[in-house]
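Some notes on the structure that comes next.
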Amino acid sequence: MSHVVNYIAIYATLVIMFNFARLFTVRILSMFLAGIGSILLITHSSPPPSIVISGEPGFSACHLPCWAGITPHETVFKEALRNINASLPGWSLDVQRNNTQITFYGNHGENQIAGVIYEDRTFVGRIRLDVAMPVGYLIEELGRPYCVRTNYLSTLNENVVVVYWRLADATVMGIIRLDPLEDWYPGALTETLLVLTSNEECTLIDALPWVGFARLWLYQTDFTD
């Protein structure tokens, strides 16, 4: 009988030791995975350095959808060039102008900016800026994007991500070009910014709701189903 009691005691001890070892292993594994996740988060998803959008050329004059004192459908087209010169003091500007658009290129030391101001019935209609801007700056300035499009411009050699912000009277559109193997994150740079007076872009069939910096193939899936 004593042998049976001893076997039961040994068995109970082994069960306790096994459960303790399993619990310890799970906790260590959880800590390890959490550490790896933190490293990946810091490496790939950390926000860009704290440089405010107003530090970029022309953005200190006013908030988007206004740039350099120019707001679509509010600023008279004839006043646009004067506003650009006033907002970029000390810049060397090369300007070409006709009745329908102002094309400009500017440099100030190592800083550069280029763009086009389009006319619409005597007012400014659209603003195009060829500027490298971390998309994280735009999210900080404009808030959560409204929609994303990835299909219509992408090719086998590059992914083109177009991010849209809907504002009260305009849409801000950021175009980002990425290598097919490159992830996008808050530090991904825009190639072009456009300020439009239309809010119809997010109603297009390939426009999908913003779900953060998800894998790009997820933006080719309809989340509304």
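Considering the range 71-85 alone, what residues qualify as being closer than 15 Å to ARG97 by Cα, exposed (fewer than 14 other Cβ atoms within 10 Å of the Cβ) and in contact with a Phe, Trp or Tyr (Cβ under 8 Å, 6 or more places away or on another chain)?
VAL76 - this is the single residue of the range 71-85 that is closer than 15 Å to ARG97 by Cα, exposed (fewer than 14 other Cβ atoms within 10 Å of the Cβ) and in contact with a Phe, Trp or Tyr (Cβ under 8 Å, 6 or more places away or on another chain).
Restricting to the range 100-125, give me the number of residues that are under 25 Å from GLY90 (Cβ atoms), over 24 Å from the mean Cα position of the chain (by Cα) and β-branched (Val, Ile, Thr).
Residues that pass the stated criteria total 3.
Restricting attention to the range 50-65, report how many residues are more than 14 Å from VAL116 (Cα to Cα) and either in contact (Cβ under 8 Å) with a residue 24 or more places away in the chain or of a type in the set (Val, Ile, Thr) (or both). Show your work before the answer.
Filtering the range 50-65 for residues more than 14 Å from VAL116 (Cα to Cα) gives 50-57, 59-65.
Going one step further and asking which of them are either in contact (Cβ under 8 Å) with a residue 24 or more places away in the chain or of a type in the set (Val, Ile, Thr) (or both), we end up with 51-53, 56-57, 60-61, 63-65.
Matching residues across the range 50-65 total 10.
Can ARG166 be described as closer than 24 Å to ARG97 by Cβ, surrounded by fewer than 21 Cβ atoms within 10 Å (Cβ to Cβ) and at pLDDT 85 or above? Full working, then the answer.
Working: closer than 24 Å to ARG97 by Cβ: no; surrounded by fewer than 21 Cβ atoms within 10 Å (Cβ to Cβ): yes; at pLDDT 85 or above: yes.
No, not satisfied.
Report yes if some residue within the range 55-73 is outside any helix (DSSP H, G or I) and either among the aromatic types (Phe, Trp, Tyr) or at pLDDT below 50 (or both); otherwise report no.
Let us first name the residues in the range 55-73 that are outside any helix (DSSP H, G or I), namely 56-73.
Still in the list and also either among the aromatic types (Phe, Trp, Tyr) or at pLDDT below 50 (or both): 59, 67.
Looking through the range 55-73, at least one residue is outside any helix (DSSP H, G or I) and either among the aromatic types (Phe, Trp, Tyr) or at pLDDT below 50 (or both).
Looking only at the range 192-213, filter to residues that are free of Cβ contacts under 8 Å to residues at least 40 places away in the same chain and over 15 Å from the mean Cα position of the chain (by Cα); which one of those is surrounded by the most Cβ atoms within 10 Å (Cβ to Cβ)?
Once the filter is applied, the top-ranked residue is ASN199.
Being under 18 Å from ASP130 (Cα atoms), not in a helix (DSSP H, G or I) and not hydrophobic (A, V, I, L, M, F, W, C) narrows it down to one of TYR185, TYR164, so name that one. Reasoning before the result, please.
On the way: TYR185 fails: under 18 Å from ASP130 (Cα atoms).
The unique qualifying residue is TYR164.
The values are calculated or read from the model by the stated rules, or taken from the named source; none is laboratory data. Model, not experiment: these values are computed from the prediction. Glycine also receives a Cβ, built like all others from the backbone with ideal geometry; neighbour counts cover every protein chain displayed.
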